[in-house]
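Below is one structure, written out as structure tokens; the observations come after it.
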Amino acid sequence: MRKTLLLTVFVAGLAPQAFAREPEAAQPYPKPPSVVFGDLYRAVEMAQIFPDQKTFADAIPTEAPADILKAYEAAKDKPGFDLKAFVMAHFKEPVLKTVSYQRKPGETVSQYIADLWTVLLRQPDAAEKYSSLLPLPAPYIVPGGRFSEIYYWDTYFTMLGLEQGGQDVIAQDMVRNIASLITRYGHMPNGNRSYYLGRSQPPFFSCMVDLLAEKDGPGIYRTYLPAMRAEYDYWMKGEAGLKPGKAHGNVVMLADGTVLNRFWSADDTPRDESFREDVETAKLSKEKPAILYRNLRAGAESGWDYSSRWLADGRTLATIDTTDILPVDLNAELFHLESDLAHAYQLAGNTKLSTHFAVRAAQRAAAIRRVMWDAKAGDFSDYNWRRRQLTHVLSAATVVPLFFHVATDAEGKSVAKVVEAKLLAPGGILTTTSQTGQQWDAPNGWAPLQWMAVQGFRNYGEVGLAKTIATRWEARVNEGFARDGVLVEKYNVAAAPGSGAGGHGGEYALQVGFGWTNGVQAALMAEYPMAQPKAKATSAPGN
């Protein structure tokens, strides 16, 4: 990643609206299946016709939705009506393109990863009538398992492995695809499905541009400047005219005028891919359903779906209050986007806008250090803007300001001590210290968090801790491969060495593949080589 340089720039009278621009025309959002099919969609998901709620969200109607709805209305109240038979007659189940991958005797993790790229590769999509899939113009890598589309922040960590393995063209294609979605819809959705358009995910597009620029040169910043700017405008929409103590969409202005960001969703209904789960959660909540659904969707936008970070009582999903929280990682990521915009505009010869975004980056970095630094605990924390206080939830997000060069040297040293004392585990770093049953809590560890911790601590001279985290995570993944012959999306990092245990918790079963695990493992093995276990000859699913 291009090292971010903070510029100390003072511009009198500089205001956000001075550089506001009208967004480029984007395509209308296609309606998600839950809206298109209304009562039929609700009936199917609540009846659990499919074990995984995402199956019906991805199913393809075999005729015009209006005709299906007409047939449903005519048949649903008749004696003996069979809802499952009706669905099977009018929809095609999604094809997950499961591939039986024949491992070679003695195959190593590195060889598995190299071979899995071909298993997880998808060709450009032809638009299929009535499908929830948003077509992409170039080939792409999917994570694996139930995830048969691209996901936003997954892509960056997957690209680490693609670049390490010499798969530069597919890495370039992945960035092209995301730029295409930003151009079409004004932002990068959670993934390329119509039901993901109401939210995004952690904004890592500028980091992807950095990766390409390392090999392709600085001209890449100018190529993707329009897309980076469009993404920034999406995250900052509503800032102009915002009053202190108020919020609009993803933007919050604190009482002192400080502007920071939160996760948000334009929609306040149950998620298509987890419809029944959301309805059941609403039954357990004291919150109004619309508010709860928006907080669930905002939690999904965070990529940490779900975690004690977003739970008002620290343990119960029904108390989720994501929109009340200013996440330290999101704001560090937007600092990076602002820094890259300053750099890109400088390369484009636009000194005025380069200076503007350098100022915005410096202001945000200072705000993160002022608002989100927990001096007593010695780490970075999320901030509840409604309660005007830190959440004091210790999580691996505390390393993200180090990854993006936001922390001071003293803060970096302090975070290192806290992580080593409280988050470091036998298999890497814990996601949080709480065990709630949610997948973004203990005892689970996730590849992207390990990568950001390793690189973040290296940035601040904590090379010993960085190596410890890297090698413990590598070993945990290798242990799992030796035992099961596959890589998975998350691991139990609290388990004793040698267990190789996959993670658990959340809304679905542990998934095999797995895009970002493969990517981070490949990149870490290149930096910290270690002996790799060998697989026995067997066949296993790729996706």
Practice prompt. Please report the relative contact order for region 36-141, taking Cα pairs under 8 Å with a sequence separation of at least 6, and give it as a percent rounded to a whole number.
Written response: 29 percent
Fill in: Simple spin-label estimate for K92 and H504 in nanometres, 7 Å along Cα-Cβ
3.8 nm
Response to the item:
Hydrodynamic calc, region 200-268: Kirkwood Rh from Cα pairs, then Stokes-Einstein at 25 °C with viscosity 0.890 mPa s, so D in µm² s⁻¹ is 179 µm²/s
Worksheet entry | Relative contact order, percent, region 173-213 [alpha-carbon distance under 8 Å, six or more residues apart] | 30 percent
Worksheet item: Across region 254-267, in residue order, what do the Karplus-derived ³J(HN,Hα) couplings come to in whole Hz, using 6.51 cos²θ - 1.76 cosθ + 1.60 with θ = phi - 60° and x for Gly and Pro?
Response: 6, 4, 8, x, 5, 10, 9, 10, 9, 7, 7, 9, 6, 10
Worksheet item: Label 7 Å along Cα→Cβ of R276; region 130-169 residues with amide nitrogen under 20 Å?
Response: 146-147
Practice prompt. Using only alpha carbon pairs under 8 Å that are at least six residues apart, calculate the relative contact order of the chain and give it in whole percent.
Written response: 18 percent
Item to complete: With a bin width of 20 angstrom, please list the P(r) values of the chain as percents of all Cα-Cα pairs, from the 0 bin to the one holding the largest distance.
Response: 22, 57, 20, 1
Item to complete: First check a/c for region 152-236, with a ≥ b ≥ c the square roots of the eigenvalues of its C-alpha gyration tensor; if it is under 1.5, answer rounded, and if not, answer prolate when a/b is larger than b/c or oblate otherwise.
Response: oblate
Worksheet item: Computed from the mean reciprocal separation of all distinct C-alpha pairs, what Kirkwood hydrodynamic radius does region 273-401 have, in Å?
Response: 16.2 Å
Item to complete: Please list, in chain and number order, the residues 5+ apart from M372 or on another chain whose amide H is under 5 Å from its amide H, with Hs placed from the backbone.
Response: none
Worksheet item: Which residues make up the longest stretch of the chain clear of trypsin sites (Lys or Arg not before Pro) that lie in a DSSP loop with no more than 14 other Cβ atoms within 10 Å, not counting the sites?
Response: 130-285
Worksheet, complete the sentence: Note: A64 to A348 extended length (0.36 nm per residue) minus current alpha-carbon separation gives 97.5 nm
Worksheet item: Going by accessible area, probe 1.4 Å, with all protein chains left in place, what is the ranking of H336, H392, H248, largest first?
Response: H392, H248, H336
Item to complete: Give, in nm to one decimal, the length gained when the segment between Q435 and L284 is fully stretched (0.36 nm per residue of separation minus the Cα-Cα distance).
Response: 52.4 nm
Worksheet item: What value, in deg cm²/dmol to 500, does the helix sum -39500 (n - 2.57) over DSSP H runs of n ≥ 4 give at 222 nm once divided by the residues of the chain?
Response: -14000 deg cm²/dmol
Worksheet item: Gap in Å between the Cα centre of region 26-51 and the Cα centre of region 348-365?
Response: 43 Å
Worksheet, complete the sentence: Here the membrane-span-like helices of the chain, with no claim about any membrane, defined by DSSP H, Cα axial extent at least 24 Å and mean Kyte-Doolittle at least -0.5, are 168-185, 328-347, 351-371, 463-484
Practice prompt. Taking H placed 1.01 Å from N in the peptide plane, check which residues at least 5 places from K246 or on another chain put their amide H under 5 Å from its amide H.
Written response: M253
Worksheet item: Tell me, which longest segment in the chain has none of the GluC sites (Glu not before Pro) that fall in DSSP loops with at most 14 further Cβ atoms within 10 Å?
Response: 129-543
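The values are calculated or read from the model by the stated rules, or taken from the named source; none is laboratory data. Keep in mind that what you see is a predicted model, and the values were worked out from it rather than measured. No Cβ is skipped: glycine too gets one built from the backbone with ideal geometry, and neighbour counts run over all protein chains shown. All accessible areas refer to the heavy atoms of the entire protein, side chains included, with ligands and DNA or RNA removed. Shrake-Rupley method; radii C 1.70, N 1.55, O 1.52, S 1.80 Å.
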